[in-house]
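The values are calculated or read from the model by the stated rules, or taken from the named source; none is laboratory data. Values in this document were obtained by computation on a predicted structure and should not be read as measured data. Reconstructed Cβ throughout: ideal geometry from the backbone, glycine too, with neighbour counts over all protein chains shown. Side chains are part of the model used for accessible areas, which takes the heavy atoms of the whole protein and leaves out ligands, DNA and RNA. Shrake-Rupley method; radii C 1.70, N 1.55, O 1.52, S 1.80 Å.
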Amino acid sequence: MPSSPLAPELSVNALSERIALRLVNDAARLRIAVSRTADGTVIIDAGIDAMGGIEAGVLIARLCMGGLGRVAVRMATDANPLWPSMIEVHTSSPVLACLGSQYAGWSLSATKEQTGGKKFFSLGSGPARALAGKETLFDELGYHDRHDSGALVLEVDRLPPPVVIDKILRDCALAPDKLTLVVTPTHSVAGTVQVVARVVEVALHKTHVLGVDLSEIIEGSGSAPLPPPAPEATQAMGRTNDAILYGGRVHLSVKSDAVARRLAAELPSSNARDYGRPFADIFTSFNYDFYQIDPALFAPAEVWVSSLESGATYHGGKIDMALLDAQWSGTLAPHAGGVQPP
């Protein structure tokens, strides 16, 4: 098995503890809502009934990365910007931050009999995944966190039922009052931000799928356009995916020249069979089944990979702004006299 690229002494849950506390303490300013279960588990609504916003989304993205990433929103200032608002991400611990914490890999579900109403399904992301260690990915990474508190982010449009909360507590071996759950629907502003902020994570996951030794990856930076969320769930999910697949740019630093060359050639989303259509159309065409989509599609549009061995940087892929414009841009109604406003 490849050597572990992770530092086992780092606790993603300990490192993200202050971010979770900041979400609670600044809830009113961030336009999020905080509640507690009868047992004391903290539930943060960042887009169901609460308005949320970009700043909340940035903090939630940092929480997802286990406190090991920088996330910011930048207003484009160049003459011909790709898009007015861009998400920028950087981490010096890319494998632990992105795969050991941020990746949405923990499947959490409950039947309608268990919930007493509607069935529930969500993929959990964030540092508490490393406490539970339910995914085979953690065995491959050789990492398992130990801490007395944890936080998990759920990309779903309803609060988790008690049966799911109990499962999380049990699997993470946490006292109820030591767990924070953050709920960010994709069609919310905060949800859009935290998904688009996965641009580097998507590159790391594709690297893992390609079978590259993850200990090769030293640094990761990325950017992607931040669209407004669409009101309909499938379209909202399509926008966040399109932002990365057709507008995402990633720069990785790796140890060896051979890996840098390979990733520049194989990493971009344009290598996928299903590349070239809006993600919502692709998803719908496969009857809403993610597993029918070519997994090679889930990658940034454009990559640069720098080799620490040779000092060379290799480039692959390209941005498809025409596709994004067609999906995201509206048409201004003519002014009086048929003149468009400036």
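Tabulated data for the structure shown
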quantity: Where N is the number of residues in the range 20-60, Cα Rg divided by 2.2 N^0.38 Å; calculated: 1.08
quantity: DSSP loop chymotrypsin sites (Phe, Trp or Tyr not before Pro) with at most 15 other Cβ within 10 Å excluded, longest remaining stretch of the chain; calculated: 1-285
quantity: Carbon plus sulfur fraction of accessible area for the chain, probe 1.4 Å, in percent; calculated: 53 percent
quantity: Under the Debye formula (equal points on every Cα, no solvent term), log10 I(q)/I(0) of the chain at q = 0.11, 0.14 Å⁻¹; calculated: -0.70, -1.13
quantity: Backbone HN-Hα couplings from phi across the range 279-285 [Karplus 6.51/-1.76/1.60, Hz, Gly and Pro as x]; calculated: 4, 4, 5, 4, 4, 5, 5
quantity: When each of Lys134/Lys255; Lys206/Lys255; Lys119/Lys206; Lys119/Lys178; Lys112/Lys134 is checked by Cα-Cα distance, pairs over 20 Å; calculated: Lys134/Lys255; Lys119/Lys206; Lys119/Lys178; Lys112/Lys134
quantity: Most mobile listed residue (Glu113, Glu140, Glu155) in the chain, GNM with C-alpha springs under 10 Å; calculated: Glu113
quantity: Cα shape, the range 133-233, gyration tensor, a/c 1.5 rule; calculated: oblate
quantity: For the range 39-55, 3J(HN,Hα) per residue [Karplus equation, 6.51 cos²θ - 1.76 cosθ + 1.60, θ = phi - 60°, Hz, x = Gly/Pro]; calculated: 8, x, 5, 7, 10, 10, 8, 10, x, 8, 9, 7, 6, x, x, 5, 4
quantity: Kirkwood estimate for the range 213-305, i.e. one over the average of 1/r between Cα atoms, Å; calculated: 14.1 Å
quantity: Sorted peptide list for 175-185, 31-41, 62-72, criterion being average Cβ within 10 angstrom, highest first; calculated: 62-72, 175-185, 31-41
quantity: Residue with peak Gaussian network fluctuation, the chain [Cα springs, cutoff 10 Å], from Gly47, Gly116, Gly220; calculated: Gly116
quantity: Directionally averaged projected area (convex hull, Cα atoms, the range 24-162), nm²; calculated: 10.8 nm²
